[in-house]
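Accompanying notes for the structure given below.
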Amino acid sequence: MVTADGLRDEHVLLIQCPYCGERPEPEFVYGGQAHIARPQQPAELTDQQWTDYLYRRDNTRGPHAERWRHTHGCGRFFNALRDTTTDHFLATYRLDESPPRAPGESAK
Amino acid sequence: MRADVRHSFPDLTMQPFSALSLLKRGLSGQRGWTAQWRSPEPKNAYDAIIIGGGGHGLGAAYYLASEHRLGSVAVLEKGWIGGGNTGRNTTIIRSNYLFDESAALYDHAVRLWEGLSQTLNYNVMFSQRGVLMLAHSVHDMQVSKRHVHANRAAGVDNEWLTPEEAQAFCPPLNIGDIRYPVLGAALQRRGGTARHDAVAWGYARAADALGVDIIENCAVTGIVRNADGSVAGVQTTRGPISARRVGVSAAGHSSVVMKMAGVELPLESYPLQALVSEPVKPVFPCVVMSNTIHAYISQSDKGELVIGAGTDAYTSYTQRGGLHISSHALEAVCELFPMFRRLRMLRNWGGIVDVTPDRSPIIARTPVPGLYVNCGWGTGGFKATPGAAHVFAWTIARDEPHPINAPFTLERFRDGNLIDEAAAAAVAH
């Protein structure tokens, strides 16, 4: 069953692991914003740049690229694009893939 | 620093509450009450604008008008007064934080809570029934006792109870026959609860009486800046409004609002869940919190058990969350208080909380002149409402922090002066 805002009428989120398929959220651990690269030369950064790397996050309201780990399954990390205004997963993808550009392109 | 001075209310539209006035209205069928605050159209300009009509924002507007005598102040609220986290929290008030900076900030709030009903001429139902924080392991005991000693050194009341003393203070508590037995508890007797809606309504009514315009259903869509970068005003769904000073008190949406001025914050917004049971007769005398098995519970004056669950794992703006988070809290409550096992839950909900890396708030000036922010309260903003509002108003009025909020800057993350309250914040996140 799908509700008016496109969410399934479930009590937990169902997340599409790229390796195992659809599983309930408690099998997963959230890993925060995706695609944050550790600076190649940390010693050359200003204090503000290092602060931004450590602490600043986009905290996006809308489609958000983020890491998840299927801890109680295959144990592998993957990325997801999730709309933080609905918690609807728009896509999940492997770590070596770039994020899908168009938020409307659902993987489901 | 106690705010027990009664302010005079020049606006005759406000009817002061007294036992006599309640009796008179009661005998005349409750007719003749007037609106608690006006619903004015926004003016073109104000001396100061507060974005966010929760307890923190309304309180800041009240103190700007009452203590700093700012000529014209407006509170802009995208929904309705107290409809955000002010109406969604579990109403717990305490000041037993670890570090001196935090103890000063949260205890400033407790001292203001103690006189708030008198100050506002509005019963916020502040009840110092005691907050009991349980320890279930050797590590818990060490951390709790450290908190007790640190609090006492900082002049904040906190005491250590044996399991038997904890049970005597809270008779429903099961201290032995559970997987994680209660090994002791820290008790702050000055802690307790307040009626959360009344805090928003009381501040709104008192601020309105001092001339503050409270403008509901008015979402801010942009922050306008002068050529020199300073704040010139805001764009809203009800038209542009100019102001030299803008204070942002937008809780979970602080990142979204501050990005309108190009200011990036070290915040992440998570759903924090809570739920209430069906109402029952008075059975629960205090507030009990358990960090380790994660539950916190008190009983409202209506009789509902008010239960706090945890944050969801992921960032979100949905004001809901996974049922397994609430279930987990209920399992802990049923273990600690077996007599509640047959209670039914009435409703559950989520609020969006803005969490900082060190679990301490930011109450500060920003890189944009004239723009101030009060955010990052994470899971514990309600308890601080009067204190945060009071020092935020000071910061806005004087363009410099009050000594109490001086450590809570935006720059502390760059300069390494973190105030790490992850253990005291109680909610696991």
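The values are calculated or read from the model by the stated rules, or taken from the named source; none is laboratory data. Please read all numbers here as calculations on a predicted model, not as lab measurements. Cβ placement follows ideal geometry from the backbone for every residue including glycine, while neighbour counts extend to all protein chains displayed. All accessible areas refer to the heavy atoms of the entire protein, side chains included, with ligands and DNA or RNA removed. Shrake-Rupley method; radii C 1.70, N 1.55, O 1.52, S 1.80 Å.
Find how many whole Å separate the alpha carbon centroid of region A:10-57 from the alpha carbon centroid of region B:346-375.
Result: 21 Å between the Cα centres.
Cross-link partners among lysines for residue B:302, C-alpha distance below 17 Å, same-chain residues fewer than 8 apart left out?
B:281
Check cross-link reach from residue B:259 to the aspartates and glutamates: straight Cα distance under 12 Å, and skip same-chain residues fewer than eight apart.
Residue B:259 reaches A:58.
When N is the residue count of region B:182-269, what does its C-alpha Rg come to as a fraction of 2.2 N^0.38 Å?
1.53
So if I place +1 on the C-beta of Lys and Arg and -1 on the C-beta of Asp and Glu, and nothing else carries charge, what would the dipole magnitude of region A:14-93 be about its Cα centre? I want it in debye, nearest 20.
Rounded to the nearest 20 debye, it is 140 debye.
Please list the equivalent ellipsoid semi-axes of region A:14-93, computed as the square roots of five times the alpha-carbon gyration tensor eigenvalues, in descending order and whole angstrom.
With the √(5λ) rule applied to region A:14-93, the semi-axes are 28, 15, 9 Å.
Excluding residues fewer than 8 places away in the same chain, name every one of the lysines whose C-alpha is closer than 24 Å to that of residue B:145.
B:383
In Å², and per residue, what accessible area does the protein assembly as shown have when probed at 1.4 Å with the other protein chains present?
43 Å²
Would you please name the chymotrypsin sites (Phe, Trp or Tyr not before Pro) within region B:34-88 that are DSSP coil residues with at most 12 other C-beta atoms within 10 Å of their C-beta?
B:80
What are the ³J(HN,Hα) values, in whole Hz, obtained from phi via the Karplus relation 6.51 cos²θ - 1.76 cosθ + 1.60 with θ = phi - 60°, for each residue of region B:249-261 in sequence order, with x given for Gly and Pro?
With coefficients 6.51, -1.76 and 1.60, one gets 9, 10, 6, x, 9, 4, 4, 5, 5, 5, 5, 5, 9 Hz.
Once you have the alpha carbon radius of gyration of chain B, what is it after dividing by 2.2 N^0.38 Å, with N set to its residue count?
Rounded to two decimals, the normalised Rg is 0.97.
Hey, got the Cα dimensions of region B:110-224 along the principal axes, in Å, largest first?
Projected onto its principal axes, the Cα set of region B:110-224 covers 54, 35, 31 Å.
In square nanometres, what is one fourth of the surface area of the convex hull spanned by the alpha carbons of region B:222-276?
Averaged projected hull area, Cα only: 5.4 nm².
Counting only protein heavy atoms and a 1.4 Å probe, tell me what percentage of chain B's accessible area is made up of carbon and sulfur.
53 percent
Taking the Cα centre of the protein assembly as shown as the origin, how large is its charge dipole in debye, to the nearest 20, when only Lys and Arg (+1) and Asp and Glu (-1) carry charge on their Cβ atoms?
1080 debye
Considering every Cα-Cα pair within region B:253-389, what fraction, in whole percent, is farther apart than 18 Å?
The proportion of pairs with Cα distances above 18 Å equals 60 percent.
So which helices of chain B fit the span-like rule, where a helix is a whole DSSP H run, its Cα atoms reach 18 Å or more along the axis, and its mean Kyte-Doolittle is at least 0.0?
Helices meeting the span and hydropathy rule in chain B are B:323-336, B:385-398.
Given the C-alpha atoms of region B:67-119, compute the convex hull and give its volume per residue in Å³.
Residue-normalised Cα hull volume stands at 146 Å³.
Can you give the average number of partner chain beta-carbon atoms within 10 Å of each beta-carbon in peptide A:11-20, as a whole number?
2
For chains B and A, what's the summed buried accessible area, probe 1.4 Å, to the nearest 100 square angstrom?
Approximately 2100 Å² gets buried when B meets A.
Restrict the search to region B:290-377; then list the trypsin sites (Lys or Arg not before Pro) that DSSP places in a loop and that have at most 11 other Cβ atoms within 10 Å of their Cβ.
Qualifying residues, ordered by number: B:302, B:341, B:342, B:344.
Apply the Debye scattering formula to the protein assembly as shown, with a single equal point scatterer on each alpha-carbon and no solvent, then give log10 I(q)/I(0) at q = 0.12 Å⁻¹.
The Debye formula, applied to the Cα set alone, gives -1.23.
Relative to the isolated chain, which residues of region B:303-352 have their accessible area cut by 20 Å² or more in the presence of all protein chains (1.4 Å probe, heavy atoms, no ligands or nucleic acids)?
Buried by 20 Å² or more upon assembly, which counts only protein chains, are B:313, B:314, B:315, B:317, B:318, B:320, B:323, B:324.
Per-residue mean of other chain beta-carbon atoms within 10 angstrom of the beta-carbon, peptide A:26-32?
Shielding by partners across A:26-32 averages 3.
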